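> Right, I'll just put the structure down here and ask away after.
The values are calculated or read from the model by the stated rules, or taken from the named source; none is laboratory data. Since the model is a prediction, treat every value here as computed from it, not as a measurement. Please note: Cβ atoms are built from the backbone with ideal geometry, for glycine as well, and neighbour counts cover all protein chains shown. These area figures cover heavy atoms from the full protein model, side chains too; ligands, DNA and RNA do not enter into them. Shrake-Rupley method; radii C 1.70, N 1.55, O 1.52, S 1.80 Å.
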Amino acid sequence: YVAAVYEHSPVLSPDPTALVDRRAALELMARNLDVLEQQVVAAAGQGAQIIVFPEDGIHGFNFTRRSIYPYLDLFLPAHSVEWNPCREPHLFNDTEVLQRLSCMALKNKIFLVANLGTKQPCEHVDPLCPSDGRYQFNTNVVFNADGVLVATYRKHNLYFEDAFDTPPEADYVLFDTPFAGKFGVFTCFDILFFEPAVSLVRQYNVKQVVYPTAWMNQLPLLSAVEFQQAFATAFNINILAANIHHPALGMTGSGVYTPDKSFIYHNMQSSSGKLIVAEIPVITPNHKTSLETNKILGENLYHSYSVFTSALMDDQVCYKEGQEVPCRVSQSGESSPPFYAEMMYDNFTFVPVQEDKGELKVCANTLCCYLRYQETVSTHELYALGVFDGLHTVHGTYYVQACALVKCGGLHFSSCGQEVTDATASMDFHLWANMSTPYVFPLLLTSGVTLDFADRMGWKNDHYFISKNRTSSGLLTAALYGRWYEKD
């Protein structure tokens, strides 16, 4: 099917905390909706059957609970109302944005996914009802090609959004299409949590996901395109991800992702938005996810792998070129002692990569991380193998098991973990770790924040591995990012 996502550079309120009336709010939003409409026309002209717009793309961000109020449309749960806002504009008040989006879908005969703020009155008999008598939700809406509202999803995992309420229970939202079957819906920060994202994909066997986001990139492990691809790969699904374009806030990175190919946009230089249109295969529900198949496939991969890991468990053993038998290592051949550096606000334990080829091991808590590598394009850049097994507590609280080969910011150990966007060293590598969670997201990022794809990955002897011969350009990050949801 042909899918489109638009990375939108929004028209923002100069002072989002200022109190304005509905008319002024609608005027600002109309300027963004005008841009979105042009993109719907362009996408439909290229044969797109569905288009996704970013989170916060219509109203902007950094509002207070009071200041966002004039920007909110009425919340109408799609499952409880059969409604075409374009054809029946007078059924409900305060639905001007919904009407406009519905008409875009109808006129261009395209499924349309957008994000807006909504309000829902509540009674004080409801113990969760906010004191001002209304819920305010960060909401995704989906319209079919006739302009009918077919899905509404309220964001569950809010990211410092004082203007919005967390819905009383998680929404599991699906909608049906004639061209690719069922799609699931969630938003931005949701991608890092079990509810509703993982539940939706696993429980409802969803194979295509629409994903509006307003994601601030954080290298080396959480840039938008890197994690969007990892999620698509781990669950063997297609993801249509639309991000905000705002380089000053580190926001860029959208794409149409399949488990083994992507059409992406990551640009910190340009100030304008970007439309991506791509034809991708439908993934059918009987496809296994890589979390499942790799348990089976992994058994047949790398016959030497088990020999190699058992050898590495004993620090005194090495491997010689073309030799099936391990050779003894002299004491001096041991890897450097570990050092500590902050990465992603977490205290990682690192060992440096100091030779052109070799084997390394580094552990923290119960997690041990192993690397066999050979630089194919050798440079004087410093790389390090890092491990973290613990609760991440900055900008959200969640339990991470990470095993990461990263390019350091400079030549000093203290620079490891810094955000780096360019690298020249290319390498073959085999990276593996004894993950305690089945939810492992394989990350592979190359110079210029571009994506590369592993040759193989999966489970083998209770270790998750990823391997690659010759990265397409300089290696920035090769990592296993495990989410141990039960320990959040």
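> Under a 1.4 Å probe, what is the accessible area of region 2-284 per residue, stated in Å²? Working shown, then result.
Working: 10260 Å² over 283 residues.
Per residue, region 2-284 has an accessible area of 36 Å².
> So, one more: Provide LYS460, LYS357 ordered by accessible surface of protein heavy atoms (probe 1.4 Å), highest first. Show your work: numbers first, answer last.
Working: LYS460 20, LYS357 100 Å².
Result, largest first: LYS357, LYS460.
> Just how many % of Cα pairs in the chain lie over 37 Å apart, if you round to the nearest whole percent?
Working: 36193 of 118828 pairs.
For the chain, the fraction of Cα-Cα distances above 37 Å is 30 percent.
> Considering the Cα positions of region 339-487, please state its Rg to one decimal place and its Dmax as a whole number of Å.
In Å, with Rg to one decimal and Dmax whole: 14.1, 41.
> Working from the pairwise distances between different alpha carbons, so that the mean of 1/r is found and then inverted, what is region 2-284's Kirkwood radius in Å?
Working: mean 1/r = 0.0537 Å⁻¹.
In region 2-284 this quantity evaluates to 18.6 Å.
> With a 1.4 Å probe and all protein chains left in place, how much of the accessible area of the chain comes from carbon and sulfur atoms, in whole percent?
On the way: 9960 of 19380 Å².
Carbon and sulfur: 51 percent of the exposed surface of the chain.
> Note down the accessible area of VAL20, probe 1.4 Å, to the nearest 10 Å².
Rounded to the nearest 10, that gives 60 Å².
> Let me see the P(r) profile for region 165-267: every Cα-Cα distance counted, bins of 10 Å, each bin given as a percent of all pairs.
15, 49, 30, 6
> If you average the C-alpha positions of region 160-180 and of region 107-157 separately, how far apart do those two centres end up, in angstrom?
Value for the Cα centre distance between the two parts: 8 Å.
> To the nearest µm²/s, what D does Stokes-Einstein give for region 21-110 at 25 °C and 0.890 mPa s, using the Kirkwood radius over alpha carbon pairs as Rh?
On the way: Rh = 14.2 Å.
Roughly 173 µm²/s, to the nearest whole number.
> Oh, and also: In deg cm²/dmol, rounded to 500, what helix-only [θ] at 222 nm does the chain give when every DSSP H run of at least 4 residues adds -39500 (n - 2.57) and the total is split over its residues?
Details: 6 runs with 73 residues, N = 488.
That comes out to -4500 deg cm²/dmol.
> Over the chain, calculate the relative contact order: mean separation of alpha carbon pairs under 8 Å at least 6 apart, over the residue count, as a percent.
Working: 1206 pairs, mean separation 58.3, N = 488.
With pairs under 8 Å counted, the relative contact order is 12 percent.
> May I pose another question? Could you give the spread of the C-alpha atoms of region 404-483 along their three principal axes, from largest to smallest, in whole angstroms?
In descending order, the Cα extents are 35, 26, 16 Å.
> Over the Cα atoms of region 119-223, how large are the radius of gyration and the largest Cα-Cα distance (Dmax), in Å?
15.3, 47
> Quote the charge dipole size of the chain about the Cα centre in Debye, to the nearest 20; the model charges only the Cβ of Lys and Arg (+1) and of Asp and Glu (-1).
On the way: 32 positive and 51 negative charges, 149 e Å.
Here the chain has a charge dipole of around 720 debye.
> Here is a further query. Calculate the spin-label point distance for ALA42 paired with ALA248, positioning each point 7 Å from the Cα along the beta-carbon direction, and give it in nanometres.
2.2 nm
> What does the accessible area per residue of region 339-487 come to in Å², with a 1.4 Å probe and no ligands, DNA or RNA counted?
Numbers: 5410 Å² over 149 residues.
That works out to 36 Å² per residue.
> Hey, which lysines would be in cross-link range of LYS487, C-alpha to C-alpha under 28 Å, not counting anything within fewer than 8 residues on its own chain?
Straight-line reach from LYS487, under 28 Å: LYS155, LYS207, LYS288, LYS295, LYS361, LYS460.
> What net charge do the residues around ALA170 carry, taking every other residue with its C-beta under 12 Å from that of ALA170, with Lys and Arg at +1 and Asp and Glu at -1?
Numbers: positive: ARG154, LYS155; negative: GLU169, ASP171, ASP190, GLU195.
Local net charge: -2.
> Once phi is turned into ³J(HN,Hα) by the Karplus curve 6.51 cos²θ - 1.76 cosθ + 1.60 with θ = phi - 60°, what whole-Hz value does each residue of region 400-412 show in order, with x for glycine and proline?
Result, ordered by residue: 10, 10, 10, 10, 9, 9, 10, 7, 7, x, x, 9, 9 Hz.
> Follow-up question, since we're still on this one. Using Cα pairs closer than 8 Å and at least 6 residues apart in sequence, work out the relative contact order for region 339-487, in percent.
Values: 408 pairs, mean separation 35.3, N = 149.
24 percent.
> Just to confirm a number: summing +1 for Lys and Arg and -1 for Asp and Glu over residues other than GLY147 whose beta-carbon lies under 11 angstrom from that of GLY147, what do you get? Each step should come with its number before you reach the end.
Numbers: positive: ARG87, ARG100, LYS107, LYS109; negative: GLU88, ASP146.
Net charge in that neighbourhood comes out at +2.
> In region 50-102, what GluC sites (Glu not before Pro) fall in a loop by DSSP, with at most 15 other Cβ atoms inside 10 Å?
Working: sites: GLU55, GLU82, GLU96; in loops: GLU55, GLU82.
Passing sites in region 50-102 are GLU82.
> Also, I was wondering about something else. Between PHE92 and ASP455, what is the label-point separation in nm under the 7 Å Cα-to-beta-carbon projection?
Between ASP455 and PHE92, the simple spin-label model gives 5.4 nm.
> Give me the net charge of PRO130's neighbourhood, meaning all other residues with Cβ under 9 Å from the Cβ of PRO130; Lys, Arg count +1, Asp, Glu -1. Walk me through the numbers before you get to the answer.
Values: positive: ARG65, ARG134; negative: ASP132, ASP165.
Every neighbour counted, the sum reads 0.
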